[in-house]
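These notes are about the structure you will find just below.
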Ligand SMILES: CC(C)(COP(=O)(O)OP(=O)(O)OC[C@H]1O[C@@H](n2cnc3c(N)ncnc32)[C@H](O)[C@@H]1OP(=O)(O)O)[C@@H](O)C(=O)NCCC(=O)NCCS
């Protein structure tokens, strides 16, 4: 039975500092985006996500991203842990993850967006890497536009906080834990000079984010070649905390 809100359990939200956390974190993503929502974007980005080998590789990719970004302290890998009696004898169990990026196109003001080249992920499959370039390019089109706007000389704020990923173990959903992961980033946005926050939100995520102040801009349109149009892709909406006047 899922824990009730009456359970006396402690929820902690903390940056990941131990690389060993990436395996359980990847497994949470696999449960939430793979098994629960069958999100065609996440599964395409994580080949073999439901195999032991694919999970190790997926966790290794997350860890590699953490390693290259950690010194600049703009990309925050957060874990949510619950001190639970469920199988852990009271030890904290990781139940959720979020990645928040303080992003900017101007060096020194935040992290630049990742490349849209997926040749390393699908080295022998030109079609899949082309599909992913188009798919992630469409998914992040508005995000990249906002970063471009912020980089203009007339823009007072040079960066934004980007909620890049948020997932909860289905067993621990609907207990306010994603809300805490999102609040962490919004607090960081305030700390950085009350900068704006943006995200691309799934069907399940959007109401959580809207409750916390995000507003809907538009449904994301996937611009992919004809040969990919029959692929099942999830609805995502672009949200920002401040709509332009
Ligand atoms: C979206 C997600 C991160 C929310 O995590 P959570 O810890 O359950 O969220 P909270 O408890 O803080 O907020 C609960 C809200 O999430 C939304 N939500 C949770 N489960 C939902 C479901 N099955 N269908 C629709 N909305 C749902 C609801 O708005 C819910 O509020 P309510 O309980 O008042 O209806 C989690 O459901 C998840 O991992 N989903 C699958 C992956 C995903 O879509 N991630 C978001 C990518 S943008």
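So what does the Cα-only Debye profile of region 62-208 read at q = 0.12, 0.14, 0.16, 0.20 Å⁻¹, as log10 I(q)/I(0), no solvent term?
Debye output, listed in q order: -0.60, -0.79, -0.99, -1.30.
Fewest first, what order do 68, 95, 217 take by the number of other Cβ atoms within 10 Å? Don't skip to the end; give the middle numbers.
Working: 68 11, 95 24, 217 15.
Listing 68, 95, 217 from fewest to most nearby Cβ atoms yields 68, 217, 95.
Taking other Cβ within 10 Å of each residue's Cβ, how do 184, 100 sort, fewest first? Don't skip to the answer; put the middle values down first.
Working: 184 18, 100 26.
With the fewest neighbours first, 184, 100 line up as 184, 100.
What FRET efficiency do you get for residue 229 and residue 196 if R0 is 30 Å and r is their Cβ-Cβ distance, rounded to the nearest 0.05?
The pair residue 229/residue 196 has a calculated efficiency of 0.35.
Calculate, for residue 65 and residue 211, the FRET efficiency according to 1/(1 + (r/R0)^6) with r their C-beta to C-beta distance and R0 22 Å; round to the nearest 0.05.
Numbers: r = 28 Å, r/R0 = 1.29.
The value I calculate is 0.20.
Evaluate E = 1/(1 + (r/R0)^6) for residue 149 and residue 203, where r is the Cβ-Cβ distance and R0 equals 35 Å; express this FRET efficiency to the nearest 0.05.
Numbers: r = 27 Å, r/R0 = 0.77.
E between residue 149 and residue 203, to the nearest 0.05, is 0.80.
Run the Debye formula on the Cα coordinates of region 155-212, all scatterers equal and no solvent, and tell me log10 I(q)/I(0) at q = 0.12, 0.15, 0.25 1/Å.
Result of the Debye calculation: -0.30, -0.46, -1.06.
From the mean inverse distance of alpha carbon pairs (Kirkwood) and the Cα radius of gyration, derive Rg over Rh for the chain.
Numbers: Rg = 17.9 Å, Rh = 18.8 Å.
My calculation puts Rg/Rh at 0.95.
Largest first, please: the extent of the C-alpha atoms of region 49-134 along each principal axis, to the nearest Å.
Cα extents, longest axis first: 47, 37, 19 Å.
If N is the number of residues in region 131-245, what value comes out of its Cα radius of gyration divided by 2.2 N^0.38 Å?
Here the answer is 1.14, to two decimals.
Counting only C-alpha contacts under 8 Å and six or more residues apart, can you give the relative contact order of region 97-245 as a whole percent? Please list the in-between numbers first.
Numbers: 222 pairs, mean separation 37.4, N = 149.
That works out to 25 percent.
With each pseudo-label sitting 7 Å past Cα toward Cβ, what's the residue 112-residue 72 distance in nm, one decimal?
If labels sit at residue 112 and residue 72, their model points lie 0.8 nm apart.
All of the numbers you see were taken from the coordinates with simple rules; none came from a lab. From a predicted model like this one, the values you see are computed outputs, not experimental measurements. Quick reminder, even Gly has a Cβ in these numbers, built from the backbone with ideal geometry, and neighbours come from all protein chains shown.
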